[in-house]
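The values are calculated or read from the model by the stated rules, or taken from the named source; none is laboratory data. Please read all numbers here as calculations on a predicted model, not as lab measurements. Neighbour counts are summed over all protein chains in view; Cβ atoms, including those assigned to glycine, are modelled from backbone coordinates with ideal geometry. Only protein heavy atoms, including side chains, enter the accessible area calculation; ligands, DNA and RNA are left aside. Shrake-Rupley method; radii C 1.70, N 1.55, O 1.52, S 1.80 Å.
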Amino acid sequence: SDMCRVVASGSSRDTPQADFTVRELVRALAKVVLLYAPLMGNSGPGTGGAAAPLMVGSSWGPAWRALLDCLVQGMAQAAPRSEMVAEALPEALKNMVLMLHAKGALREGWRDASDGSDLADLTWRAA
């Protein structure tokens, strides 16, 4: 993805505003994910009002996996060269995980509808 390329690109000395741009990009992306979190945590019939374990739509699973991969890769690459990015990436991931959990989306049984993969396990391993 383009975000992964920006995070992995050259040193911050070559592009002084790149760190700021990456930090703001990650913040905006986290906000978009969190905007859709309530839609993922809807109550299902027979759940007594609690959020049902979800089979997430076919476009969400691959997008979530790509986002997690990018954040994990970015954290590994940013740490030695940019304190700003090295702090922003785990903070964004932490906030997304906490909010998805609080909204009932991130819980055991959270699966991708397209291939049945366990998105909850994938998320906890990345975090």
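If a residue must be in a loop (DSSP other than H, G, I, E, B), closer than 18 Å to residue 36 by Cα and in contact with a helix residue (DSSP H, G or I) (Cβ under 6 Å, 6 or more places away or on another chain), how many such residues does the range 78-106 contain?
Filtering the range 78-106 down to residues in a loop (DSSP other than H, G, I, E, B) leaves 79-82, 103-106.
Right, trim to closer than 18 Å to residue 36 by Cα and you get 103-106.
Keeping just the survivors that are in contact with a helix residue (DSSP H, G or I) (Cβ under 6 Å, 6 or more places away or on another chain) gives 103, 105-106.
Looking only at that region, the number is 3.
Got a number for residues in the range 39-84 being open to solvent by less than 70 Å² (accessible area, probe 1.4 Å), within 15 Å of the chain's Cα centre (by Cα) and either at pLDDT 85 or above or under 27 Å from residue 23 (Cα atoms) (or both)?
Summing the residues that are open to solvent by less than 70 Å² (accessible area, probe 1.4 Å), within 15 Å of the chain's Cα centre (by Cα) and either at pLDDT 85 or above or under 27 Å from residue 23 (Cα atoms) (or both) in the range 39-84 gives 15.
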